[in-house]
Amino acid sequence: MKWIRIIFFILILQSFLFAQFNGQRAFQYLVKQVAFGPRNPNSQGHQACLKFLEQKLKQQADTVLLQSFDWYDAHHKKTLRLTNVIARFQPEKKRRIFLAAHWDTRPRADHDKPENQDKPIPGANDGASGVAILLEIANVLQKQPPTNVGVDLVLFDGEDYGRQGHLEEYFLGSRYFAKQYQKLKFKHEFGILIDMVGDANLNIKREGYSVKNLPWLVDRVWKTAQNMGYYEFSDQFLGYVDDDHVPLLEAGIPCIDIIDFEYPYWHTLEDTPDKCSPQSLSVVGQVLLEVLYEQ
């Protein structure tokens, strides 16, 4: 009986010590972002959401950096005011990992019916889901910082701005981050990008550029997920997806992409919170925490 009590006590202690991801709270962060309205660059929703993200992360992180920059849209003849948000935890640590997502939303619903294609999308999954997970991870990192590694959370702006067929108009924030990376006083062992990870029918396959460039990291993340019983992480091959990790890889910054690209409401006005779930956010968030804390 004595040993049973000791084992029971250890299990209880581990449950308190192990970082727990709150999927319900993450979902509320998703809903909060959508409530600002579309967050496409230069919109009121974009400005309001940036203010929220900055204030929220300043309550949690040791340091918050804003990378503000202008980008000129030659096609529409207007200048965009864009901002990447970098939240740093334990900045004194030399060993560092970053987690990233994009916080902007697409200015046109070009996969919707014709009368809606010039309207900006709500971006519940495509934009808000990744940010929601990182905001909840920030809560955990504040209360229980990892022992062996410092973490930076990076929110990219301008990921989804471009016209179809004009790839140079996408990934504006990650392109800027990559150009400025050598000027930063901190570097990373690797990074993990998350995008469209709130789908209620979550199915995350292995993305091509990630497998090609960092197969060991893809294996580690997917094995971690499956060891935790999260078979939403599938061993099937997704194919090559252009996303924020590509400019980073091209600049020599190691990063993989976790993305559920088989989302029927992608780039439509139907990308709303009811298509997402706290459980999906929790699956991805808890896997990321496990990867961080096992370093």
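The values are calculated or read from the model by the stated rules, or taken from the named source; none is laboratory data. What you are looking at is a predicted structure, and each value in this text was computed from that prediction instead of being measured. We place every Cβ from the backbone using ideal geometry, glycine too, and count neighbours over all the protein chains shown.
Name the pairs whose Cβ atoms lie under 7 Å apart, with the first residue in region 90-112 and under 19 Å from residue 153 (Cβ atoms), the second of a type in the set (D, E, K, R) and modelled with pLDDT under 95, and 6 or more positions between them or separate chains?
So the pair list comes out as 96/187.
Quick one: residue 180 ticks every box in (1) in contact with a helix residue (DSSP H, G or I) (Cβ under 7 Å, 6 or more places away or on another chain); (2) not in a loop (DSSP other than H, G, I, E, B) except a single one, so which number is it?
(1)
Name the strands (runs of 3 or more DSSP E) wholly within region 53-138 that hold at least 1 residues that are buried (at least 23 other Cβ atoms within 10 Å of the Cβ) and either in contact with a His (Cβ under 8 Å, 6 or more places away or on another chain) or of a type outside the set (Gly, Ala, Ser) (or both)? Reasoning before the result, please.
Numbers: elements: 63-73, 78-89, 96-102.
Here the list reads 78-89, 96-102.
Can you tell me which of 153, 193, 134 is under 20 Å from residue 254 (Cβ atoms), modelled with pLDDT of 95 or more, aliphatic (A, V, I, L, M) and in contact with a Cys (Cβ under 9 Å, 6 or more places away or on another chain)?
Details: 153 fails: in contact with a Cys (Cβ under 9 Å, 6 or more places away or on another chain); 134 fails: in contact with a Cys (Cβ under 9 Å, 6 or more places away or on another chain).
It is 193.
Taking the condition of being surrounded by 13 or more Cβ atoms within 10 Å (Cβ to Cβ), out of contact with any Leu (no Cβ under 8 Å at 6 or more places or on another chain), in a loop (DSSP other than H, G, I, E, B) and not hydrophobic (A, V, I, L, M, F, W, C), how many residues in region 238-252 meet it?
1
Which residues, counting only those in region 35-45, are under 15 Å from residue 119 (Cα atoms) and of a type outside the set (Ser, Thr, Tyr)?
Going residue by residue through region 35-45, those that are under 15 Å from residue 119 (Cα atoms) are 37-45.
Matches in region 35-45: 37, 38, 39, 40, 41, 42, 44, 45.
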